[in-house]
Amino acid sequence: MGLAADTLKTAWGRDPGRFADIFPSAIDMIQGAVRDLKELIGEFSRFSRLPPMRAERLDPNAIVVEALAPYSQAPGEKLRVKLDLASDLPQVEADADQIKRVLLNVINNALEAMAEAGGELRLLTTAEKGGVLIRVEDDGPGVEDVERIFEPHYTTKVKGTGLGLAIARQIVDEHHGTIVAESTPGQGTSVRIFLPAAPGLAAS
């Protein structure tokens with residue numbers, strides 16, 4: 001923003017004709033920077049202070065289906081979506097909005113990873129001892145430093161704050177669950193989210 005403003009100021013004082021030429025692009029640059037700053041501030045705010053968790057007993061499969069809904073109708077010409085949901089899952093005690101946010105973040109990352117070459121997005125649920133495992137798998141290019149993707153500010157994207165998956169881990173931690181990722185360069189990435197079963201409903 002400062003560079004664009006300085007350029008406009010200099011052009012205004014020295015060459016009004018050039019000022020008129022560069023004004024539209026300079027304003028676009030400033031407006032884009034403002035949008036990026038707003039997004040960055042929002043991410044920082046959400047990372048530093050998540051809203052209080054409103055836990056209730058939920059069907060994990062229903063949360064997965066709801067999170068996938070924005071993408072399932074038109075995921076893209078080269079993208080396929082596969083659901084494999086177990087029927088014997090215990091309920092979990094969770095904040096539906098927060099867990100959907102976790103899934104949306106992971107799903108969006110997976111689809112972005114496959115945007116150019118295409119591939120299959122797979123969402124699977126299984127009953128595990130003590131709770132439920134949700135897996136999100138993709139056929140993207142993979143991530144070399146996969147152990148770092150949950151670190152604040154780490155990102156492999158050209159644009160991005162690197163806070164999305166850090167917030168996802170924070171949410172899962174507050175649900176007393178775990179989120180881990182495995183990735184093989186050239187083959188894809190798998191993210192596993194474990195959520196404990198609601199009290200008295202733990203899977204054996």
Checklist entry - When the residues of segment 97-130 are filtered to those that are of a type in the set (Gly, Ala, Ser) and under 16 Å from the mean Cα position of the chain (by Cα), which remaining residue is surrounded by the most Cβ atoms within 10 Å (Cβ to Cβ)? => result ALA110
Checklist outcome for this item: Flagged in segment 109-129 as among the hydrophobic types (A, V, I, L, M, F, W, C) and either without any contact (Cβ under 8 Å) to a residue 12 or more places away in the chain or touching a helix residue (DSSP H, G or I) at 6+ places or on another chain (Cβ under 8 Å) (or both), in numbering order, are LEU111, LEU121, LEU123
Item to check | ALA117 vs. criteria at pLDDT 85 or above and part of a loop (DSSP other than H, G, I, E, B) | outcome: yes
Item to check | Residue satisfying all of: in segment 152-204; among the charged types (D, E, K, R) and modelled with pLDDT of 65 or more; most open to solvent (accessible area, probe 1.4 Å) among these | outcome: GLU182
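Give, as residue ranges, the helices (runs of 4 or more DSSP H) completely inside segment 1-105 that count at least 3 residues that are at pLDDT 90 or above.
Of the helices (runs of 4 or more DSSP H) lying wholly inside segment 1-105, those with at least 3 residues that are at pLDDT 90 or above span 60-72.
The values are calculated or read from the model by the stated rules, or taken from the named source; none is laboratory data. Please read all numbers here as calculations on a predicted model, not as lab measurements. Cβ atoms come from the backbone with ideal geometry, glycine included; neighbour counts cover every protein chain shown. For accessibility, only protein heavy atoms count, side chains too; no ligands or nucleic acids. Shrake-Rupley method; radii C 1.70, N 1.55, O 1.52, S 1.80 Å.
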